[in-house]
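The values are calculated or read from the model by the stated rules, or taken from the named source; none is laboratory data. Just so you know, these numbers come straight off a predicted model, no measurement behind them. So basically every Cβ, Gly included, is an ideal-geometry build from the backbone, and we count neighbours across all protein chains shown.
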Amino acid sequence: MRTIDLRSDTVTLPTKEMMLSMMDAELGDDVSREDPTVNRLEELSAKCFGTEAALFTPSGTQSNLISVMVHCRRGDEMIVESEAHIYYYEVGGMSAVAGVIPRLIRGNLGVFTPEQVIDAVRGDDMHFPPSKLVEIENTHNRAGGTVWTPKEVSAVSICAHDLGMKVHIDGARIFNAAVALDVGVKEYAKNVDSISFCLSKGLSAPVGSIIVGDKEFIEKARKTRKMLGGGMRQAGVIAAPGIVALTKMVGRLKEDHDNARKLAIGLKSLGTFDVEMRTVQTNIVLIDVSPLDMNSEQFVEKLKRSGILAADFGGCIVRFVTHRGITSKDIDETIGRIERLK
Ligand SMILES: Cc1ncc(COP(=O)(O)O)c(C=O)c1O
């Protein structure tokens, strides 16, 4: 029985072209900015987002941490959605390493409004930490891959700037958002101070993430990356597949979105558990298995025995993520196997 791995788009393996690009990559010492392949990836990324500069980092987690460290000082406060990846899944680095205090606000499917930002800022008072940063996650992972529109991002950013704060987007899957709305990622970069995005999720590169922003921000980010141990030497070996990811893999994300929708519709039609269709906007499907009198851990175990891998999202929520390794036929097979579950 073939295993169908719907745990995450991080399980994607590099394409043959990516593997070959590693063999042929021109290399140098990237800490001294002498790696032509890394330089090319950074230039390409900045061009793609319409920003002055970009920085290659080993992971999305490090990109987010660097961005927080550049935008904030220890003891500052950051406004962040209550289920954001940076708060939920990044080992508390924003506080443990950057010394920044999260001020949580609850979004609607991951999206919050300028009014909520205004409410969250407590103002200049002897007792409160200064609010210095607003973080937006697009697409929002725990909300189910939900999309912020460029208009929603701009409205929050303009408001944050008026209040003297910077704005960072955790855009690990920002290309999914852009593809879902059929807009360019430049639309997201217009009013924000930094965006991080991952090469190693749906775009299928084996390693890496990028931060984009203005020259001054990226220079500080470069130094912070070094401090965190993220200064890499002949990093062109891993940057080369990133170039393939950016230039060749964005268009195909639509296929993942179509497969996610097909999966959601198929699972809903089984009538045995709840599928929140409003959140099926990109490549993530969340189901609530409470009608089965099971928790997510038990259901994920049961799925595993029938050769389907999914992620335990806590409580009764199970997450499925479509990606390049999943075909439309795999979706049919998944729905069939789940229907036959005993
Ligand atoms: C929204 C979001 N941000 C950041 C990350 C972190 O990326 P990495 O696993 O490369 O550290 C992830 C990883 O899944 C993510 O989903």
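Just give me the residues in the stretch 100-128 being modelled with pLDDT of 95 or more, exposed (fewer than 15 other Cβ atoms within 10 Å of the Cβ) and not aliphatic (A, V, I, L, M), in sequence order.
Of everything in the stretch 100-128, those that are modelled with pLDDT of 95 or more, exposed (fewer than 15 other Cβ atoms within 10 Å of the Cβ) and not aliphatic (A, V, I, L, M) turn out to be ARG106, ASN108, GLU115, ASP119, HIS127, PHE128.
Suppose the filter is buried (at least 18 other Cβ atoms within 10 Å of the Cβ), over 18 Å from ALA311 (Cβ atoms) and in contact with a helix residue (DSSP H, G or I) (Cβ under 8 Å, 6 or more places away or on another chain); does LEU263 pass it? Please lay out each step first, then the result.
On the way: buried (at least 18 other Cβ atoms within 10 Å of the Cβ): yes; over 18 Å from ALA311 (Cβ atoms): no; in contact with a helix residue (DSSP H, G or I) (Cβ under 8 Å, 6 or more places away or on another chain): yes.
No: the conditions fail for LEU263.
State all residues of the stretch 98-134 that are touching a residue at least 60 places away in the same chain (Cβ under 8 Å) and among the hydrophobic types (A, V, I, L, M, F, W, C); if no residue qualifies, say none.
Across the stretch 98-134, the qualifying residues are LEU109, LEU133.
Could you grab me the full set of residues in the stretch 189-208 that are under 19 Å from ASP256 (Cβ atoms) and surrounded by 22 or more Cβ atoms within 10 Å (Cβ to Cβ)?
Residues satisfying the conditions are PHE197, CYS198, LEU199, SER200, LYS201, GLY202, LEU203, SER204, ALA205.
Kindly check whether there is at least one residue in the stretch 66-88 that is surrounded by fewer than 23 Cβ atoms within 10 Å (Cβ to Cβ), within 15 Å of the ligand (Cβ to nearest atom) and free of Cβ contacts under 8 Å to residues at least 24 places away in the same chain.
yes
Out of (1) small (Gly, Ala, Ser); (2) assigned to a loop (DSSP other than H, G, I, E, B); (3) more than 27 Å from GLY230 (Cβ to Cβ), the odd one out for SER200 is which?
Of everything listed in (1) small (Gly, Ala, Ser); (2) assigned to a loop (DSSP other than H, G, I, E, B); (3) more than 27 Å from GLY230 (Cβ to Cβ), SER200 misses just condition (3).
So, in the stretch 158-176, of the ones that are within 11 Å of the ligand (Cβ to nearest atom) and out of contact with any Lys or Arg (no Cβ under 8 Å at 6 or more places or on another chain), which residue ends up farthest from ALA245 (Cα to Cα)?
Top of the filtered list is ILE169.
Would you mind stating whether ALA84 is assigned by TED's automatic domain parsing to the domain that holds CYS198 and touching a Ser or Thr at 6+ places or on another chain (Cβ under 9 Å)?
no
Pick from the stretch 99-109 the residues that are part of a loop (DSSP other than H, G, I, E, B) and away from the ligand (no atom under 15 Å from the Cβ): which of them is farthest from ALA120 (Cα to Cα)? Show your work before the answer.
To start, the set of residues in the stretch 99-109 that are part of a loop (DSSP other than H, G, I, E, B) comprises 99-100, 106-107, 109.
From what's left, away from the ligand (no atom under 15 Å from the Cβ): 99-100, 106.
Details: GLY99: 19, VAL100: 15, ARG106: 11 Å.
Of everything passing the filter in the stretch 99-109, GLY99 is farthest from ALA120 (Cα to Cα).
Residue check: is SER200 among the hydroxyl-bearing types (Ser, Thr, Tyr) and either away from the ligand (no atom under 11 Å from the Cβ) or in contact with a His (Cβ under 8 Å, 6 or more places away or on another chain) (or both)?
Spelling it out, it is not the case that SER200 is among the hydroxyl-bearing types (Ser, Thr, Tyr) and either away from the ligand (no atom under 11 Å from the Cβ) or in contact with a His (Cβ under 8 Å, 6 or more places away or on another chain) (or both).
Among the residues in the stretch 327-340, are any within 20 Å of the chain's Cα centre (by Cα), surrounded by fewer than 16 Cβ atoms within 10 Å (Cβ to Cβ) and outside the structural domain of LEU203 (by TED's automatic domain parsing)?
No, there is no match, as no residue in the stretch 327-340 is within 20 Å of the chain's Cα centre (by Cα), surrounded by fewer than 16 Cβ atoms within 10 Å (Cβ to Cβ) and outside the structural domain of LEU203 (by TED's automatic domain parsing).
Name the residue, out of ILE243, ILE265, ILE169, ILE218, that is among the β-branched types (Val, Ile, Thr) and in a strand (DSSP E or B).
After applying the criteria, what remains is ILE169.
Can you tell me which of LEU13, LEU55 is in contact (Cβ under 8 Å) with a residue 12 or more places away in the chain, outside any helix (DSSP H, G or I), within 16 Å of the ligand (Cβ to nearest atom) and surrounded by fewer than 17 Cβ atoms within 10 Å (Cβ to Cβ)?
Every option except LEU13 fails the conditions.
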